[in-house]
1. Just the projected area, averaged over all directions, of the convex hull on the alpha carbon atoms of the chain: how many nm²?
2. Could you grab the relative contact order for the chain? Cα pairs under 8 Å, six or more apart, rounded to a whole percent.
3. Stokes-Einstein D for the range 72-139 at 20 °C, 1.002 mPa s, Kirkwood Rh over Cα pairs, in µm²/s?
4. What pairs in 78/171; 8/102; 56/78; 8/171; 19/80 have C-alpha atoms more than 28 Å from each other?
5. Could you give the size of the charge dipole of the chain about its Cα centre, using +1 on the Cβ of each K and R and -1 on the Cβ of each D and E, expressed in debye and rounded to the nearest 20?
6. In what sequence do 98, 188 fall when counting other Cβ within 10 Å, fewest first?
Amino acid sequence: MQDNFHYKTDSIDGHSPTKGNEAWKLWFDVGTVATDGTQASLTTNNGKEGDEGHVKISYPFDLAGDTLYTLKVTFQFKPKHTENGGWAGFGFGSGEDCNSEKEPWMFVDTQRESTDDTFCHALVGQNELGGVVMHADDYARPITAKITRNTSTGETQYYINDEAQVDWTQKLPASIGRYAIFVEAMNCGTAVKVTNITLTAEPVKKQLTKPAPAGGH
């Protein structure tokens, strides 16, 4: 699937992406996700940046075995100018309810001021794998984050602006069935926009084990 948000809607709930046969689902009633023809705006608590709020959208798909999935999201941030922190995240969830308790995901902190350095974090469920500093200069341009998931080997890798974070690599149990991808934001006001989301899948060829050479004298 791919969504570059070349359509306009006040709520993305029930809307199909640019490419893909399913539709977005909006979770929670304390935020909105609207599109203006170029990007999606993730807004929490009606844009009141000093208040808590949470917004999440998910897109279902069938996770297949022996497949390499690549989930890539491009964020644009602006400073919040408040003391309250916020973040935007994305990743995989299992089942129709997009449960991320045991699934890989990432989140990027929002800035309070344009001079702030912050962090990007990688997780499996609530288990944090590590973080990397996001320098203030990084926020002057779009930030692209990516997760790859190999359902043949279980290997999951994380990338920030196409740089692999090798220390975060995980091996997850093999799993297939109904899954979803999600994008969400917490306490971000109007600071978070998304310009592109892509989920690609390609077959993984299993490596055949060569038989041991026959012994003999």
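1. Mean projected area for the chain: 13.9 nm², to one decimal.
2. Reported relative contact order: 29 percent.
3. 166
4. Result: 78/171; 8/102; 8/171; 19/80 exceed 28 Å.
5. Computed charge dipole of the chain: roughly 800 debye.
6. Lowest to highest Cβ neighbour count: 98, 188.
Each value in this text was obtained by applying a stated rule to the coordinates, not by laboratory testing. Here the structure is a predicted model, which is why all the values come from computation and not from measurement. Cβ sites come from the backbone with ideal geometry, for glycine too, and all protein chains shown count toward neighbours.
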